[in-house]
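One structure, pasted below without further comment.
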Amino acid sequence: AGPVVFLGGRSYVKLFADMTRDVQAERIVFYASSPPPTALGCRLVRYVTTIKTNWHYACANDLARGALQL
């Protein structure tokens, strides 16, 4: 199985990390903020963009079309 990926706002990162803590697959958190979020046990990947609101839609699109490396 592949990794479990999170695309969303900073306020949901802890919830994602908590809900997936027992998942055996790699957990990847994409983020666009500075500083990076805290997500224990997850790999953090910065999504570089100038979009401030709903940046995760563009990130999801790039991920789906293979433009991002996991």
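With a 10 Å cut-off between alpha carbons and a GNM built on the chain, which of Ala39, Ala25, Ala60 moves the most?
Ala25
Also, I was wondering about something else. Net charge within 15 Å of Val5 by Cβ-Cβ distance, Lys/Arg positive one each and Asp/Glu negative one each, not counting Val5 itself?
Taking every other residue near Val5 into account, the sum is +2.
Please compute the net charge surrounding Ser33, taking Lys and Arg as +1 and Asp and Glu as -1 over other residues with Cβ under 10 Å from its Cβ.
+3
Under the definition of Cα pairs under 8 Å and six or more residues apart, what whole-number percent is the relative contact order of the chain? Walk me through the intermediate numbers first.
Numbers: 82 pairs, mean separation 20.2, N = 70.
Reported relative contact order: 29 percent.
Can you give the FRET efficiency for Lys14 and Thr53, using 1/(1 + (r/R0)^6), R0 = 25 Å, r = Cβ-Cβ distance, to the nearest 0.05? Mind dumping the intermediate values first?
Values: r = 21 Å, r/R0 = 0.83.
For Lys14 and Thr53, the calculated efficiency is 0.75.
Here are some values of P(r) over Cα pairs in 5 Å bins from 0, in percent: (i) 4, 18, 22, 20, 18, 11, 5, 2, 0; (ii) 3, 14, 19, 18, 14, 11, 8, 6, 4, 2, 0; (iii) 3, 17, 30, 26, 17, 6, 1. Which one was computed from this structure?
From the options (i) 4, 18, 22, 20, 18, 11, 5, 2, 0; (ii) 3, 14, 19, 18, 14, 11, 8, 6, 4, 2, 0; (iii) 3, 17, 30, 26, 17, 6, 1, the structure gives (iii).
Roughly speaking, what is the stretch gain from Asp22 to Arg65, that is 0.36 nm per residue apart minus the C-alpha to C-alpha distance, in nm to one decimal? Could the numbers behind the result be given before it?
Working: separation 43, 0.36 × 43 = 15.48 nm, distance 2.87 nm.
Result for the pair: 12.6 nm of gain on full extension.
A further question follows. By how many degrees, 0 to 90 and rounded to 10, does the Cα axis of helix 55-64 deviate from the longest principal axis of the chain?
It is inclined by approximately 80 degrees.
As a test of the formula, what do you get for the chain when each DSSP H run with n ≥ 4 contributes -39,500 (n - 2.57) and the sum is divided by the residue count, at 222 nm and rounded to the nearest 500 deg cm²/dmol? All intermediate terms of the calculation are to be shown ahead of the outcome.
Numbers: 2 runs with 17 residues, N = 70.
Mean residue ellipticity at 222 nm (helix-derived): -6500 deg cm²/dmol.
Less than 15 Å Cβ to Cβ from Ile51, Lys/Arg counted +1 and Asp/Glu -1: what total charge do the surrounding residues give? If you can, show how the numbers build up before the last one.
On the way: positive: Arg10, Arg46, Lys52; negative: Asp62.
Net of charged neighbours comes to +2.
Each reported figure results from applying straightforward, stated rules to the coordinates on display, with no laboratory input. Just so we're clear, the structure is a prediction, and the values are computed from it rather than from any experiment. Positions of Cβ are backbone-derived with ideal geometry, glycine not excepted, and every protein chain shown enters the neighbour counts.
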